[in-house]
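Take a look at the structure below.
The values are calculated or read from the model by the stated rules, or taken from the named source; none is laboratory data. In this text the structure is predicted, and so the values were computed from the model without any measurement. All Cβ positions, even for glycine, are placed from backbone atoms using ideal geometry, and neighbour counts span all protein chains on display. The protein model used for the area step is the full one, side chains on, heavy atoms only, and it has no ligands, DNA or RNA in it. Shrake-Rupley method; radii C 1.70, N 1.55, O 1.52, S 1.80 Å.
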Amino acid sequence: MKAIFFLFLLSLGLYNCESTKTNQSSEMPVDLVNPLVDAANSRWFFFNSATRPFGMVNLSPDNILKGAWGSGYRYNTDTIRAFSHIHGWQLSGIPVMPISGDFNGSIGPEGYKSKFDHDKEVVKAGYHKVELEKYGIKVELTSTKRVGFHRYTFPKSNQNHIVIDLAIELGPSDTESGFIKLINDKELEGYAVMAATRRRPKPVEVYFVIQFDKPFSSLKAWQDGIEKEVYDSIKGHGIRSYVSFESLDREVRQMKVGISYVSSEQARKNLSQELPSWDFDSIVDESRNEWNGLLSKIEVKGGDKVERVRFYTDLWHALQGRRIISDVDGKYCDRTGDSKKIKQIPLDSNNKPLFNHYNSDSFWGAQWTLNTLWHLVYPKISEEFVQSMLLMYQDGGLIPRGPSGGNYTYVMTGATTTPFITSAYMKGIRNFDINLAYEGMRKNHFPGGLMSKAGYEHNTFVGGGLEHYIERGYIPYPLPESNYPKDKIYGSHQDGAGQTLEYAYQDWALAQMAKSLNKDDDYKLFMQRSNNYKNLYDSKIGWMRVRSQDGSWVEPFDGLIYDHGWVEANAVQSTWFVPHDVEGLIKMIGGRKKFIDKLNNSFEISSKYDFKSSEHGDRSGISGNDLQQGGKSEKEEPYINYGNQPSMQVAYLFNYAGAPWLTQYWAREVIEKVYSGVSPDYGYSGDEDQGLMGALSVLMKMGIFSMRGGCDIEPVYEISSPIFDEIKIHLDENYYPGNTFVIKTNNNSKENKYIQSASFNDKDFSKPWFYHKALVEGGTLTLEMGAEPNKKWGSAYEDAPPSMSKE
């Protein structure tokens, strides 16, 4: 394994790269991106190569075809079964495969798969090259936002083929049926109907137009095992089509695949407008430049090359996973109703859509990641996502939680978009209908809204337990109306204590929006509800606990049992989930000293296990152990898990308790053990989840965080320990008045992780936090670093960041 890792580093030019200064000035952020980090552990939508930021097309090799988990590109699997164009949240589609020689396509990918060698592979942001050993074909891939671009170099052969397989299970979804029409000897069009899934309850049609730069001689297909010539079109279940042609030695053939969720006509429009030429290399360059423009919004100096590579790889992931589903002209498919409808995004004065419509996971945990990174560095992206959420609210009556292909999926729990929209508004991102947004958010916090729905609860409004939360001040577990976990008739994640904590924070966030809009009655109501977290704390044992229907504590207590009342977490991890009122939590635990000791002890225990609770592939342990399934003993199980969202904030809690040096120490330890290195075998220690963990890693390495998700009337950033000598943020002039904001560290190193003193625009600064409004005016935060903690800096009671119980 060490030898493999050495070769991996050597291939990337990262071996012997301790120098922090040499040639750094010539580095471009896009060239530092390493898409192969953690690629051995990919889930369907994790891996990215030939794609644009948030691109509808995410074109890459597929080693494993079936399943939402453990599928797609898997670095340690030596066989390619297809190259498919869509790797999104509950979305997949249009797998193709070039072949040379005779083949039997009737049995599908197992009949035409090919081995490949990483030594002949090149993977960059926007580009992927690989050689198919079985056929001697060199494959190169790139893309625009809605078009996949292929360049194949064939050996000399009188039998070459390109398969379009519309008969396979691809990622999270089976291919229900397909249609292919012959337009001419250089063009095909059609669609694939991707079947409904447990998470996405309605099918999705993926339309395509495929154009070739050279004519093919024939179009044939297998349908349900029978081979037939296709003279016009073929339609139905089990279609595996292929075009055929001869080739000279090293003959290059190119193929463009435009896609749309609306129609083949729209797929052709996407293709013609985004990719009218056949200049493959220029599209690679365009993709590289687009990526570099976004990545260069943050410039870092210092650290070693591996640290810089990992930083820009993390930032790259933060701009991935969530995918555009609208066409170049703004048309999109709405599947929120009983039947699908084709609709139009409003256009600007130049007849361009005002924004894109998006597919995404739930934004569960985004309050500590995307809220901070996107709103600060990419406010236009944040604005588009808010507009997309409101568009779906107008279409289907709910601001979504995990929309997929125009469907609602109701993934995870709570009203996870409330903090995202609130934070955007508080930071001055306001190019959306705030009254419509407030109406939709408020609806989600009452019966009939998202808080009433548990995970994937498609047809009822029960599993969220919201009525209990409103009436009792907590959600019991198990839910009286349900037989969970034995059945999931009312959805997954019916975990009342965890839901209660989430709802309390989200209620506080909505209260801030109500206050800013002078809705006093709503402000009082939601502030009162935001105190419900207090109903779960058991002062006798010192942890949050699960309550039953009659209000009693569920016995026996085991703080490390996964789920069983906690959402992808356990009681020990969830006790720290009170982001809106850390001061209130400190008081409940018994004051600053007890709070610090308890939290520090949790970190010390978890440090032995690198702040994670399972290795890759052990989905059951993603947030804690399950003792009923033979997990670790209580003494061995880590109390904090940075492999999933519920523990993201814990290192920053010390800032609130007068011990910012412990925030600095433990944040650096987490970076080192969880978010460092460039191996394909590790990287995120769990589920990167569409940019959430990448964004968290970026923020921790920059040394900034936002405990309350930026939902304060005056949002703030908390300070930890940056790993670089200088971080420069280029602010968007369309949203913020400043030009740049710089975080500068002096005498910084792995050992010198503690802040000795600080200045903000050359004025002494003694608090471990500052206001968003100060940052966006531009300027410099300078941190003097040292090897020993300065326990006086930022430790006074009045120096702590704002908290509900102090306001």
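Miscellaneous remarks
- Among the residues of segment 66-78, those identified as open to solvent by 10 Å² or more (accessible area, probe 1.4 Å) and either closer than 23 Å to T142 by Cβ or in a loop (DSSP other than H, G, I, E, B) (or both) are G67, A68, W69, G70, R74, Y75, N76, T77, D78.
- Taking segment 88-107 as the range and being part of a loop (DSSP other than H, G, I, E, B) and either surrounded by 23 or more Cβ atoms within 10 Å (Cβ to Cβ) or free of Cβ contacts under 8 Å to residues at least 24 places away in the same chain (or both) as the test, the residues that pass are W89, Q90, N104.
- Condition check for Y735: buried (at least 19 other Cβ atoms within 10 Å of the Cβ), closer than 28 Å to Y378 by Cα and in contact (Cβ under 8 Å) with a residue 40 or more places away in the chain: yes
- Contact map, segment 387-401: first residue modelled with pLDDT of 95 or more and charged (D, E, K, R), second residue surrounded by 22 or more Cβ atoms within 10 Å (Cβ to Cβ) and part of a helix (DSSP H, G or I), Cβ cut-off under 8 Å, separation 6 or more or different chains; pairs are R401/T417; R401/L450.
- Picking from residues in segment 438-474 that are under 23 Å from the mean Cα position of the chain (by Cα) and either free of Cβ contacts under 8 Å to residues at least 60 places away in the same chain or open to solvent by less than 20 Å² (accessible area, probe 1.4 Å) (or both), the one that is nearest to K534 (Cα to Cα) is M451.
- Members of segment 261-291 that are under 26 Å from P379 (Cβ atoms), in contact with a helix residue (DSSP H, G or I) (Cβ under 8 Å, 6 or more places away or on another chain) and surrounded by 20 or more Cβ atoms within 10 Å (Cβ to Cβ): W291
- When every residue of segment 151-163 is checked against the conditions, none turns out to be in contact with a Lys or Arg (Cβ under 6 Å, 6 or more places away or on another chain) and either free of Cβ contacts under 8 Å to residues at least 12 places away in the same chain or more than 27 Å from S282 (Cα to Cα) (or both).
- Which listed residue, of K540, K587, is part of a helix (DSSP H, G or I) and open to solvent by 50 Å² or more (accessible area, probe 1.4 Å): K587
- Members of segment 451-493 found to be among the aliphatic types (A, V, I, L, M), touching a Phe, Trp or Tyr at 6+ places or on another chain (Cβ under 9 Å) and farther than 14 Å from A415 by Cα, listed by number: V462, I470, I475, L479
- Checking each residue in segment 190-223 for being surrounded by fewer than 18 Cβ atoms within 10 Å (Cβ to Cβ), without any contact (Cβ under 8 Å) to a residue 60 or more places away in the chain and under 19 Å from L271 (Cβ atoms) picks out K214, P215.
- Yes/no for K145 being farther than 21 Å from L248 by Cα and either assigned to a loop (DSSP other than H, G, I, E, B) or over 29 Å from the mean Cα position of the chain (by Cα) (or both): yes
- Test: residue in segment 144-155 that is open to solvent by less than 20 Å² (accessible area, probe 1.4 Å) and over 27 Å from Y73 (Cβ atoms): no
- Summed over segment 705-729, the residues that are of a type in the set (A, V, I, L, M), closer than 24 Å to S795 by Cβ and not in a loop (DSSP other than H, G, I, E, B) give a count of 2.
- Per the listing K181, K186, K235, the residue uniquely over 34 Å from the mean Cα position of the chain (by Cα), farther than 30 Å from K341 by Cα and of a type outside the set (A, V, I, L, M, F, W, C) is K186.
- When G631, G591 are checked against the criterion of being among the small types (G, A, S), at pLDDT 95 or above and more than 20 Å from the chain's Cα centre (by Cα), a single residue qualifies: G591.
- Residues (part of a helix (DSSP H, G or I) and acidic (D, E)) located in segment 452-476: E467, E471
- Condition met for D520 (in contact with a His (Cβ under 8 Å, 6 or more places away or on another chain) and over 15 Å from V567 (Cα atoms)): no
- Qualifying residue in segment 348-371 (condition: within 22 Å of Q90 (Cβ to Cβ), surrounded by fewer than 24 Cβ atoms within 10 Å (Cβ to Cβ) and of a type in the set (D, E, K, R)): no
- Residue check, P485 open to solvent by 30 Å² or more (accessible area, probe 1.4 Å) and in contact (Cβ under 8 Å) with a residue 40 or more places away in the chain: yes
- When segment 647-691 is filtered for residues that are open to solvent by less than 20 Å² (accessible area, probe 1.4 Å), among the hydroxyl-bearing types (S, T, Y) and not in a loop (DSSP other than H, G, I, E, B), the ones remaining, listed by number, are S647, Y652, Y656, T663.
- Subset of segment 240-260 that is among the aliphatic types (A, V, I, L, M) and open to solvent by less than 20 Å² (accessible area, probe 1.4 Å) - its residue that is farthest from the chain's Cα centre (by Cα): V243
- L294 being assigned to a helix (DSSP H, G or I) and open to solvent by 10 Å² or more (accessible area, probe 1.4 Å): yes
- Residue match in segment 170-187 (condition: among the hydroxyl-bearing types (S, T, Y) and open to solvent by 40 Å² or more (accessible area, probe 1.4 Å)): no
- Selection within segment 297-335: residues that are open to solvent by 20 Å² or more (accessible area, probe 1.4 Å) and in a strand (DSSP E or B). The member of this set that is nearest to S143 (Cα to Cα) is K331.
- Residue match in segment 224-239 (condition: aromatic (F, W, Y) and either buried (at least 22 other Cβ atoms within 10 Å of the Cβ) or without any contact (Cβ under 8 Å) to a residue 24 or more places away in the chain (or both)): no
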